[in-house]
Amino acid sequence: MNVLLEFIHEHSLSVDFAIFVLIWLVQLVIYPVFNFISDSDFKSWHKYYCNCISFFVLPLMTAQLLESLACCFFIGDLINWCRAFLVVFVWLVTFFVSARCHSKLSKVGKDESIIRSLINTNWYRTISWSIIFIISFTQY
């Protein structure tokens, strides 16, 4: 386990940068494009998107969570606790807000109010992951 934690710690800036780029791409390009997909194609396209994006997001989020919690345990300074708090906050927003919006879209298809809610609430993750990246960059 120590080897895994060391490896993740050595690459934490890369993980945080990858998530930073990905979340801004999602916020400014991918989610707004949901509005331009035809009603008839939306369900199948959304299912494809969710399946594909999870292969990128879940490993990055897991690595980020492990690394931030390990830093709290081994280093324990205030900045690492702030970073860990933001990472946990992002997990909560992801699974209790964003995932619910995606679940609704999977069931009902294209719904502009759900898409708008998804875009608006995603700003919490976008800002949080941006701060996490800035913290990692300054610690590097």
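Just so it is clear, none of the values below were taken in a lab; they were calculated from the coordinates. Note that the coordinates shown come from a computational prediction; the quantities given were computed from them, not determined experimentally. When we count neighbours, we look across all protein chains shown, and the Cβ atoms used for this are built from the backbone with ideal geometry, even at glycine.
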Next item on the list: Mind putting a number on the dipole of the chain about its Cα centre? Charges go on the C-beta only, +1 for Lys and Arg and -1 for Asp and Glu, and I need it in Debye to the nearest 20.
Entry: 540 debye
Next item on the list: Using packing as a proxy for protection, rank 88-97, 116-125, 34-43 so that the peptide with the highest average count of other Cβ atoms within 10 Å comes first.
Entry: 116-125, 88-97, 34-43
Next item on the list: Rank 140, 90, 33 by how far each Cα sits towards the positive end of the charge dipole of the chain (+1 on Lys, Arg Cβ; -1 on Asp, Glu Cβ) and give me just the farthest.
Entry: 33
Check: Tell me, what ³J(HN,Hα) does each residue in segment 21-29 have, in order and in whole Hz, if you take phi through Karplus 6.51 cos²θ - 1.76 cosθ + 1.60 with θ = phi - 60° and put x for Gly and Pro?
Finding: 5, 4, 5, 5, 5, 4, 5, 9, 10
